[in-house]
Amino acid sequence: MPAGADYAQIIQSFHRFFVDHLVAEGEMTPSNPVIVPDLGSCPPPPLTQLVGISAKTDTTCLSCHATRSKHNTTHILNMVYPRAVRFAHFLSYVTLLKSVNKGWDSGILRRF
């Protein structure tokens with residue numbers, strides 16, 4: 001580990017990775033057991049039925065500022081909390097995850 005490593009962030013990243021793999025390993029389509037009724041004809045994996053949270057991912061290109069949205073399911077809330085904040089700010093901090101990734105926007109790729 002590098003000196004001054006943020007262990008809380010490392011643990012959070014590992015937890016997110018671990019639960020995502022548990023969900024993938026638990027996928028038994030089309031024979032997933034129904035734990036929560038009314039989820040449709042093909043129920044999601046058991047872990048998703050128990051702790052899955054419907055989410056929306058917004059991706060914004062830093063070059064052209066084009067935004068793309070997609071709906072997905074997340075299983076993890078942030079476990080690293082800020083100190084002394086209002087409840088509304090706490091909820092947004094726990095449920096919103098901001099990350100920056102390098103890649104090519106499909107609009108930029110079409111130009112080449």
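What about residue 51, is it more than 20 Å from residue 76 (Cβ to Cβ) and modelled with pLDDT of 80 or more?
When the stated conditions are applied, residue 51 does not pass them.
Could you list all residues from the range 7-25 that are modelled with pLDDT under 80 and over 16 Å from the mean Cα position of the chain (by Cα)?
8
Of the residues 13, 41, 31, 54, only one is closer than 30 Å to residue 105 by Cβ, loosely packed, with under 10 Cβ neighbours inside 10 Å and hydroxyl-bearing (Ser, Thr, Tyr); which?
54
List the pairs whose first member sits in the range 6-34 and is assigned to a helix (DSSP H, G or I), whose second member is loosely packed, with under 14 Cβ neighbours inside 10 Å, and whose Cβ atoms are under 7 Å apart, counting only residues at least 6 apart or on separate chains?
Sorted first by the residue in the range 6-34, then by its partner, the pairs are 8/80; 9/80; 12/79; 12/80; 15/79.
Going by the structure shown, is residue 80 aliphatic (A, V, I, L, M), surrounded by 10 or more Cβ atoms within 10 Å (Cβ to Cβ), modelled with pLDDT of 80 or more and in a loop (DSSP other than H, G, I, E, B)?
It is false that residue 80 is aliphatic (A, V, I, L, M), surrounded by 10 or more Cβ atoms within 10 Å (Cβ to Cβ), modelled with pLDDT of 80 or more and in a loop (DSSP other than H, G, I, E, B).
The values are calculated or read from the model by the stated rules, or taken from the named source; none is laboratory data. Treat the numbers as computed from the prediction; the structure is a model and nothing was measured. Note: ideal-geometry Cβ built from the backbone for every residue, glycine included; neighbour counts use all protein chains shown.
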